[in-house]
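The next block holds one structure in the form of structure tokens; read it before the comments.
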Amino acid sequence: MRLNSYDEWSPLREVVVGSATNYTSHERELSFDLFFHENFAESTWYYPRLTTAGAPAAPGRSSIKERYVNELNEDIEGIVKALEELSVTVRRPMELDARTTEVRTPAWSAAVVPPLNLRDNTLIAGDEIIETPPMIRARYFETQFLTPVFADYFRQGARWTVMPRPLMTDASFDPSYANRSAATERIGEPRPSPYDAGHEMMFDAAQCLRLGRDIVANISTTNHALAVDWLERHLRDRFRIHRVYEISDSHIDSMVLALRPGVLLVRSRQVAELLPQPLRTWDLIVAPPPETDNFPAYDDDDLILTSPFIDLNVLSVSPDTVLVNDACPELVRTLERHRFTVVPVRHRHRRLFGGGFHCFTLDTVRDGGPEDYLHG
């Protein structure tokens, strides 16, 4: 099918589901710790929690236990099966080869991770693939695992664009949001590099909410603002970009999701107050607070990457059908009360791997078009 994806809810025809093959570790370095700083701030297992100039926060890589990866792979196959049973065509990225352990640029090197959270580094804007400038060094080349998929859509007529790639030296990062957090240590002066270029655009597609011809983009740093400037200029004849500020540190798909026109799933009513005015009139479904027994018990050395609200990260297959983690019965019941058909699917270790169903998937073909849902 030809690439066509304008929204988060219209009938889903094709989707790419991520891969966790050969996921072995996370590397504790500046970009990683800045990205996950809010979750580290809420943990007491590690000190110091953020990298400061000349003082790394952790010695090298944080290993992931093999059984977690095996169970994650089982759950990913369950996601694939559930989607296929709903008549959705599932495509997959190339797998990470076990011999590929590191990515390197002239400015830095980092441990590589597999293409799991596909939503982050690619924005599908109608008939265009836009590879976004990554925020974590380990994921710098992640979209290359999607090259066969993207090339196929390109041959069928899709546009394919790569946003400017950041050099990602320490000086590239705007630490102001993290430094304003009372719970985290202040980031010191960046270590100098011969490749310093000042703050650069860095932005994940998971900071966007796609609503037909409108895209809501969350901005919390100068890095994000530069990227949204680029998006606005690039898409101005086709899409309207609506800037919102500090709904979260970056991603918003565990804060707010559009389930169908006129209906938002939100973490709280306060989140809706930060959205563009037309969205504040939509009906709100407030996700129930997560229960502690919804999650596995982990050891002290297991790195927790997400908040307990990660199960709000659902995937809509149609305006009436939603994939929801079967470990979150409260959310299942809430959505059913609002007359959604809920498809429960197992996903155990979402807090260790930083993503739910929305994160793990990239919807490339939906029925919807560039409708005007905000002003129509």
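The values are calculated or read from the model by the stated rules, or taken from the named source; none is laboratory data. Because the structure is predicted, anything quoted here is derived from the model rather than measured. Counting neighbours? That spans all protein chains shown, and the Cβs are built from the backbone with ideal geometry, glycine included. Only protein heavy atoms, including side chains, enter the accessible area calculation; ligands, DNA and RNA are left aside. Shrake-Rupley method; radii C 1.70, N 1.55, O 1.52, S 1.80 Å.
Please verify whether Leu235 is farther than 30 Å from His338 by Cβ, over 17 Å from the mean Cα position of the chain (by Cα), open to solvent by less than 60 Å² (accessible area, probe 1.4 Å) and aliphatic (A, V, I, L, M), treating the condition exactly as stated. Steps first, answer last, please.
Working: farther than 30 Å from His338 by Cβ: yes; over 17 Å from the mean Cα position of the chain (by Cα): yes; open to solvent by less than 60 Å² (accessible area, probe 1.4 Å): yes; aliphatic (A, V, I, L, M): yes.
Judged against the criteria, Leu235 is a match.
Tally the residues that are open to solvent by less than 10 Å² (accessible area, probe 1.4 Å), among the aliphatic types (A, V, I, L, M) and not in a strand (DSSP E or B), restricting the search to region 114-135. Give the steps one after another, and end with the answer.
Narrowing region 114-135 to residues open to solvent by less than 10 Å² (accessible area, probe 1.4 Å): 114-116, 118, 120-126, 128-130, 132-134.
Next cut, among the aliphatic types (A, V, I, L, M) only: 116, 118, 123-125, 129-130.
Going one step further and asking which of them are not in a strand (DSSP E or B), we end up with 116, 118.
Here the count works out to 2.
Has region 279-286 got at least one residue that is open to solvent by less than 10 Å² (accessible area, probe 1.4 Å) and over 21 Å from Ile215 (Cβ atoms)? Explain how you work it out, then say what you get.
Of region 279-286, the ones open to solvent by less than 10 Å² (accessible area, probe 1.4 Å) are 279, 285.
Right, trim to over 21 Å from Ile215 (Cβ atoms) and you get 285.
Checking region 279-286: at least one residue is open to solvent by less than 10 Å² (accessible area, probe 1.4 Å) and over 21 Å from Ile215 (Cβ atoms).
Out of Val342, Val332, which single residue is touching a helix residue (DSSP H, G or I) at 6+ places or on another chain (Cβ under 6 Å) and free of Cβ contacts under 8 Å to residues at least 40 places away in the same chain?
Working: Val332 fails: touching a helix residue (DSSP H, G or I) at 6+ places or on another chain (Cβ under 6 Å).
Going through Val342, Val332 in turn, just one is touching a helix residue (DSSP H, G or I) at 6+ places or on another chain (Cβ under 6 Å) and free of Cβ contacts under 8 Å to residues at least 40 places away in the same chain: Val342.
Go through region 205-225 and give me each residue that's open to solvent by 20 Å² or more (accessible area, probe 1.4 Å), closer than 14 Å to Val244 by Cα and not hydroxyl-bearing (Ser, Thr, Tyr).
Ala225, the sole residue that qualifies.
Can you pull out every residue in region 238-259 that is open to solvent by less than 50 Å² (accessible area, probe 1.4 Å) and either among the charged types (D, E, K, R) or outside any loop (DSSP other than H, G, I, E, B) (or both)? I'd like the intermediate steps shown before the answer.
Of the residues in region 238-259, the ones open to solvent by less than 50 Å² (accessible area, probe 1.4 Å) are 239, 241-242, 244, 247-259.
Scanning region 238-259 gives Ile241, His242, Val244, Asp249, Asp253, Val256, Leu257, Ala258, Leu259.
Working only within region 1-35, note down all residues that are open to solvent by less than 30 Å² (accessible area, probe 1.4 Å), in a loop (DSSP other than H, G, I, E, B) and modelled with pLDDT of 95 or more.
Of everything in region 1-35, those that are open to solvent by less than 30 Å² (accessible area, probe 1.4 Å), in a loop (DSSP other than H, G, I, E, B) and modelled with pLDDT of 95 or more turn out to be Leu3, Glu8, Trp9, Ser10, Gly18, Ser19, Ala20, Tyr23.
Restricting attention to region 348-361, does a residue exist that is part of a helix (DSSP H, G or I), of a type outside the set (A, V, I, L, M), in contact with a strand residue (DSSP E or B) (Cβ under 8 Å, 6 or more places away or on another chain) and under 16 Å from Asn73 (Cβ atoms)? Show your work before the answer.
As a first pass, look at region 348-361 and keep what is part of a helix (DSSP H, G or I): 350-353.
Keeping just the survivors that are of a type outside the set (A, V, I, L, M) gives 350-351, 353.
From the residues that got through so far, the ones that are in contact with a strand residue (DSSP E or B) (Cβ under 8 Å, 6 or more places away or on another chain) too are 350.
From what is left, the residues that are under 16 Å from Asn73 (Cβ atoms) are 350.
Checked against the condition, which is being part of a helix (DSSP H, G or I), of a type outside the set (A, V, I, L, M), in contact with a strand residue (DSSP E or B) (Cβ under 8 Å, 6 or more places away or on another chain) and under 16 Å from Asn73 (Cβ atoms), region 348-361 yields at least one hit.
Could you count how many residues in region 93-104 are touching a helix residue (DSSP H, G or I) at 6+ places or on another chain (Cβ under 8 Å) and open to solvent by 30 Å² or more (accessible area, probe 1.4 Å)? Outline the logic, then answer.
The initial filter retains those residues of region 93-104 that are touching a helix residue (DSSP H, G or I) at 6+ places or on another chain (Cβ under 8 Å), namely 93-96, 103.
Narrowing the set further to residues that are open to solvent by 30 Å² or more (accessible area, probe 1.4 Å) leaves 94-95.
So the answer is 2.
I'd like to check something: does region 331-339 contain any residue that is open to solvent by 10 Å² or more (accessible area, probe 1.4 Å) and either part of a loop (DSSP other than H, G, I, E, B) or closer than 24 Å to Arg92 by Cβ (or both)?
Among the residues of region 331-339, at least one is open to solvent by 10 Å² or more (accessible area, probe 1.4 Å) and either part of a loop (DSSP other than H, G, I, E, B) or closer than 24 Å to Arg92 by Cβ (or both), which makes the answer yes.
Say we look at region 79-92 and pick out the residues that are loosely packed, with under 14 Cβ neighbours inside 10 Å and of a type outside the set (Ser, Thr, Tyr); which of these is farthest from the chain's Cα centre (by Cα)?
The qualifying residue farthest from the chain's Cα centre (by Cα) is Glu85.
Go through region 189-204 residue by residue and tally those that are open to solvent by less than 30 Å² (accessible area, probe 1.4 Å) and of a type in the set (Asp, Glu).
The number of residues fulfilling the criteria is 2.
Tally up the residues in region 89-130 that are under 30 Å from Gly212 (Cα atoms), in contact with a Leu (Cβ under 8 Å, 6 or more places away or on another chain) and among the β-branched types (Val, Ile, Thr), please.
Adding up the residues that qualify gives 5.
Could you tell me which of the residues Phe353, Phe360, Phe295 is touching a residue at least 24 places away in the same chain (Cβ under 8 Å), within 30 Å of Glu66 (Cα to Cα), among the aromatic types (Phe, Trp, Tyr) and open to solvent by 20 Å² or more (accessible area, probe 1.4 Å)? Spell out the reasoning first.
Values: Phe353 fails: open to solvent by 20 Å² or more (accessible area, probe 1.4 Å); Phe360 fails: open to solvent by 20 Å² or more (accessible area, probe 1.4 Å).
Sole residue among the options that is touching a residue at least 24 places away in the same chain (Cβ under 8 Å), within 30 Å of Glu66 (Cα to Cα), among the aromatic types (Phe, Trp, Tyr) and open to solvent by 20 Å² or more (accessible area, probe 1.4 Å): Phe295.
Output the residues belonging to region 139-188 that are open to solvent by less than 30 Å² (accessible area, probe 1.4 Å), modelled with pLDDT of 95 or more, over 19 Å from Leu118 (Cβ atoms) and assigned to a loop (DSSP other than H, G, I, E, B).
Passing the criteria: Pro166, Met168, Thr169, Phe173, Asp174.
Please state which of the following conditions Asp229 fails to meet, knowing it meets all the rest: (1) assigned to a loop (DSSP other than H, G, I, E, B); (2) farther than 24 Å from Arg366 by Cα.
(1)
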